[in-house]
Structures are given as structure tokens and as C-alpha cells.
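The values are calculated or read from the model by the stated rules, or taken from the named source; none is laboratory data. Given the structure is predicted, the values throughout are model-derived calculations rather than measurements. We place every Cβ from the backbone using ideal geometry, glycine too, and count neighbours over all the protein chains shown. Ligands, DNA and RNA are stripped out before the accessible areas are found, and what is left, the full protein with its side chains, is counted by its heavy atoms. Shrake-Rupley method; radii C 1.70, N 1.55, O 1.52, S 1.80 Å.
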Amino acid sequence: MPTVSVGRDRLFAALGRVYTQDEFEALCFDFGIELDDVTTEKAIIRKEKHLEEDVEADGDDEVIYKIEVAANRYDLLCLEGIARSLRIFTGSEATPIFKIASIPRGSMLQMHVRSQTSQIRPYVVCAVLRGVTFDEVRYNSFIDLQDKLHQNICRKRTLVAIGTHDLDTLQGPFTYEALPPQEINFIPLKQEQNFRADALMDFYRSDMKLKKFLHIIENSPVYPVIHDSNRTVLSLPPIINGAHSAITLKTRNVFIECTATDLTKANIVLNTMVAMFSEYCENKFEVEPVEVVSYDGSTAIYPDLSCYKMEVPLSDIVGPIGISVDETQVISLLNKMQLQARLCSSNGEPCISVSVPPTRSDVLHARDLTEDVAIAYGYNNVPKSKPKSMTIGGRQPLNRFSDKIRAEVARAGYMEVLTFVLTSHEENFDMLNRTDDGNKAVIIANPRTSEFEVVRSSLMSCLLKTLKHNIDHPRPIKIFEVGDVVSLDASRDVGASNNRRLAALYCNSNSGFEEIMGLVDRIVKIVTHSPCVKFGQTYYVPSSEPEFFTKRQCKIVKSDGKQVGYLGIVHAEVLRKFGIPDPCTFVEIDIEALL
């Protein structure tokens, strides 16, 4: 959960009254946030620098409140948002109405998007805050909110990157384009030297803050860049802004641009930025729009600060909470949570019509309204009641059956291992002499390491890899695993399905084929006690899998001909790829087919 650090005195000034620590903790609890820690700026610096208590640290003795907020409440990531929400919650302020400045379309600032941006970062949204009054605390809060958003909804700038600029130093219209790094030259923020973009990547490799963002664009043939009409570089998203348009305490007009790979997230981020700091504008809560002109000729005006409507039956809101309140009370409770509500009816049933403001992007469903009503009503005020039904938790049949299989295989002298569900593409296919037809394995997008590229579609590579790392153990080596494999499945809503498997591996100076067959015979004998599972007299059928020797392998089939597993002597080429010198026999069985 995100933690926001705010100065206590500044926060109380914004709230319009002074609280004791206990009173403020109670207020936070009632609102659904938590006062996590109380410290000072000096204590924070001392902790960051690992200084002893007797060593003097920089900073002052201002009391700092660290407040923990919900991860999806982006409007609470700064002092302005917390103070405003608490004022509305306590009834000392009404929910603000955000307005778009009335500007003729021909006089509106424009951002022109070039087609090359589709190769790397296709979206951009913009807005202007006019007549902003900054002081040091407001300025720091403005910067901190950007950092919090970058770490949260922006997913460390991979989805959205925020750029803020002093508009008075620039000349519109602006251009968002993607150019080869050799063609981009500018002076980055907090630097005095002009850098070419590719050289800038090398320069920031030693920067503790910025080096973790370089991977987003450094391997692309083109880098995103924003210019004004004089070809002055505003920013090289998502890495750094230009020094020319840096914001200072004297800045009066702020140009905000958000480049993104996700347009929905970009809109949420832009709305959050302008909603939090438009209260410092000359015309309070008014934002100047910017027209974004795409390379295909389409246009859009940002930001979109309109409210969207929800109509929810009263029973759907209060029913899950278990409280008896009328429509007027529900409307009052929703208003405390910044949700403007009024009474309406649908088919004779009382309904609540709710206007969700742009600051509440977390409200997506009627259950979100239920949660807000419960918070405003007070969880401690909800009457206790006995459950209408009594249930006793139990184990899933598949898990219970899996444990019985584990116990039976362990009694046969095999040692259980537990391996990673993720593996490399090479181990899942090439090293097993298998080919990837694209219809089996679930591929991981942007894997952190080459060892975790796919979700395993078989347990075989995992057991062979385990054997490789324990090859010095005395023979015979008998290991097994009961675990899930994952395969693509278009019939499932997530596009993939899990399948519980048993796999066993025998390694010795000889292949041990008869050992594995004996294990299979024992399992078949056990499961045939169930009337749902039937095996014929012969349940071994010849097969031709590439990971086994020819004529030294077979399928395991039930009496209806359905395959439930396979076994065989592992091919010498597969053993060589895994670095295993001794012959091995392997079996894999679909446990779910035996239930």
C-alpha cells in the first residue's frame, strides 16, 4: 500500500483545525486510511544515511505524518488530495466541480502526433494549469505526486510518463514524434551540457534514480521526443525532461504532458494531476484544454473532466452491508465520499443516481459504492449478526487425491521435489527434442530472466534439471513431483487452463524401465477401486514421442482409449543437453483424469 509523507502542521492548516494524534488516527480510521508512522525530517534523513543518534543530521524538526492509503486511490497520493478528501468527509467543504476553460478551438494549444510514435509509445494527453501559485511546499508536493504516480499506476513509467513544463518558456504548437537517438540533442534537467540521446543513455547508467527506466526505450531504433514550434526539446519520455522548460517557484503557467502505452491510464494520470493542483490556479479548479492532433487527422481534446453516471438500486448498495438506512441517508453518505448522488426510480424500485468525478477512477462497479457507503457509515457501526448459513471448509477433491498419490509414490522409495512453474523456452521444448507449434505453452511477456520465459507444459524438464543439479548423489536416484502444468485453452476466460500431473524419474547405471512400469502398475491398481476409472487388461500402447528412444516408450490409456499419461527411456540426446551421464526412465500421468 502506498505511504504518503505530509507535514503535520501543513496538513492541519489545510484541514482548518488542529487534531491530537489520537483524534487524527481516529479520523483516518473512519475514512479508511491509516496513520502509519509519526516522525521528523531529521529522523528520516538520519535513517536514510544510517547515522547514529548522536550524529547531527540535516533537515528540521517538523513533524511528518506517514499516511497509508489504498493503492487505487490515486487522488490520495499527495497532501492536497488527502486534505480535500478529509474536509469533504467531515462536511467542512463541498465536492469541487472541475471545469474546462472556455477557449475557442482555433485558439487552443495543439499537440501534433507523428506516425513514428506508434513504434514505441503511441499516446499522449496534455493539459495546462494557468495562473498557478507555487511555494516550496506546494512545489515539492507537485513533484512528489508525479513520483508516486510513476511508481503506482504508471508501473515505473512503463505505462505512462509525466512531463511538466513552464509554458512561458515554450512556444506552441507542440510536436510528439519518434526519432533515431542520433537526431535528438538537448540539455537535460539539472545538467548544463548538451547531450545526444544515445550518449545520454550511457550517462544515466550510473544514475541511481534514472538508470532503472533506461530499458524502456534504449533498445528501440527510435526514441520518443516532444518539441515546441522552435524545435526546443521539452522531454525525452520516459527518461528526463529538458532543462529549458524546467518548473521553478516562479512558474505561473504549467504545461502537463503524459506519454503512454495505455491511453486509459494516461487519462487517469492527467486527470489526477490537474484535479489536485488546479486548486492553486487563478481560476480555482479550472483547467485549460489542449487539442491532440493525430497523424491520421483525428483530433481529441484533453483532459476529460466529465463525471460519469451510475444508477444503482438502493437494495444493491445497503443489502451487502447489512444496514437499514433510507435513501436520504445513503445520498448523504455518498456525498461524504465525493460522490454526488440523488434519488431516482427504476420500475418502481428506489435507485440512487451517482455522478462519479474524475478524481474517483477507482469507482467502477456498484460494489465500489457499497464499500464507500460502508466506510462513511462506519464499519464499527454496522450491527453484528449471525450468518444465515453455516459452512465448514474442506479440501478440494483434487488436492486430497494428490496427497494420496504423493504418499503412494513416496512409499515406493521416491523422493518428492518441488520445482518452479516457470521455465525457459529452450528447456520446455528444444532440450526435450520437442517443437513449439504455438498452441501449447503460455509465453511470459517481458520476462525478468531467460530462465522464466514460459509456463511449463510438462514436468519432464523440471525433473531432469533437478537431477542435473544433484548428479553426484548415490545411485539409484528416484525423484517425483506432483504439480500443475499450464496449457493454452481458448474455452477458458483467461485463455489457459491448469492440469495436475504426477511425474517420476528413475536414474541408475541401467535404465530402470521396469521400475517405472512397476510404479505405474501400482497406481493403476489403486485407482481402479473407483467405479469412475477403468483400465483394461492392457493399458500400455506404443507411442512415438521425440524425447524417448524409439520402441522404448508407450502411452498409458484407460479402457475407453483415452490417454492419461506416457513413459519411456529418455533419449540420449535429451540427457546430453541436460548434462546427465546415466540412463533415465520417465513417466508423467494426468492425475485429474484418474479422479
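A few remarks follow.
- Residue satisfying condition, being assigned to a helix (DSSP H, G or I) and either under 29 Å from the mean Cα position of the chain (by Cα) or under 26 Å from Ile569 (Cα atoms) (or both), within set Ala445, Ala410: Ala410
- Taking the conditions (1) over 16 Å from Cys584 (Cα atoms); (2) not in a strand (DSSP E or B) in turn, Met431 satisfies each one other than (1).
- Candidates in region 73-91 are the residues that are within 12 Å of Lys148 (Cα to Cα) and not in a helix (DSSP H, G or I); of these, the one that is farthest from the chain's Cα centre (by Cα) is Cys78.
- Per-region count, region 92-137, residues touching a residue at least 24 places away in the same chain (Cβ under 8 Å), farther than 27 Å from Ala246 by Cα and over 32 Å from the mean Cα position of the chain (by Cα): 2
- Considering only residues in region 219-242 that are surrounded by fewer than 17 Cβ atoms within 10 Å (Cβ to Cβ) and either small (Gly, Ala, Ser) or within 26 Å of the chain's Cα centre (by Cα) (or both), the one that is nearest to Lys190 (Cα to Cα) turns out to be Ser229.
- Evaluation of Ile247 against (1) under 21 Å from Gly172 (Cβ atoms); (2) surrounded by 22 or more Cβ atoms within 10 Å (Cβ to Cβ) (one fails), failing number: (2)
- When residues of region 97-107 are limited to those that are open to solvent by 20 Å² or more (accessible area, probe 1.4 Å) and not in a helix (DSSP H, G or I), the one farthest from Thr272 (Cα to Cα): Pro104
- Scanning region 325-359 for residues that are over 33 Å from the mean Cα position of the chain (by Cα) and under 19 Å from Ala275 (Cβ atoms) yields no hits at all.
- Considering Ile392, Ile331, Ile352, the condition of being open to solvent by 20 Å² or more (accessible area, probe 1.4 Å), touching a strand residue (DSSP E or B) at 6+ places or on another chain (Cβ under 8 Å) and β-branched (Val, Ile, Thr) is satisfied by Ile331 alone.
- First in region 396-410 and under 12 Å from Val527 (Cα atoms), second anywhere and acidic (Asp, Glu), Cβ under 9 Å, 6 or more apart: Phe401/Glu592
- Just one residue in the set Arg456, Arg501 is among the basic types (Lys, Arg), within 26 Å of Leu594 (Cα to Cα) and open to solvent by less than 10 Å² (accessible area, probe 1.4 Å); that residue is Arg456.
- When Gly438 is tested against (1) part of a strand (DSSP E or B); (2) free of Cβ contacts under 8 Å to residues at least 60 places away in the same chain, just one condition goes unmet, and that condition is (1).
Every residue, every condition in (1) small (Gly, Ala, Ser); (2) surrounded by fewer than 20 Cβ atoms within 10 Å (Cβ to Cβ); (3) in contact with a Pro (Cβ under 7 Å, 6 or more places away or on another chain); (4) within 20 Å of Thr359 (Cα to Cα), yes or no:
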| site | (1), (2), (3), (4) |
| --- | --- |
| Ala260 | yes, no, no, yes |
| Val274 | no, no, yes, yes |
| Ser298 | yes, yes, no, no |
| Cys307 | no, yes, yes, yes |
| Asp316 | no, yes, no, no |
| Gln340 | no, yes, no, yes |
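- Candidate set from region 108-154 (those that are of a type in the set (Asp, Glu) and open to solvent by 70 Å² or more (accessible area, probe 1.4 Å)); member that is nearest to Leu189 (Cα to Cα): Asp144
- Test: residue in region 169-189 that is in a helix (DSSP H, G or I) and within 30 Å of Lys284 (Cα to Cα): yes
- Taken together, the criteria place Glu80 among residues that are modelled with pLDDT of 90 or more, open to solvent by less than 70 Å² (accessible area, probe 1.4 Å), of a type in the set (D, E, K, R) and touching a Phe, Trp or Tyr at 6+ places or on another chain (Cβ under 9 Å).
- Options Val287, Val269, Val292: the member that is within 22 Å of Leu170 (Cβ to Cβ), open to solvent by less than 20 Å² (accessible area, probe 1.4 Å) and touching a Leu at 6+ places or on another chain (Cβ under 6 Å): Val269
- Between Asp30, Asp58, Asp54, Asp37, the distinction of being modelled with pLDDT under 90, open to solvent by 30 Å² or more (accessible area, probe 1.4 Å), within 27 Å of Lys336 (Cα to Cα) and not hydrophobic (A, V, I, L, M, F, W, C) belongs to Asp37 only.
- Here the condition is being assigned to a helix (DSSP H, G or I) and in contact (Cβ under 8 Å) with a residue 12 or more places away in the chain; of Leu234, Leu214, it holds for Leu214 alone.
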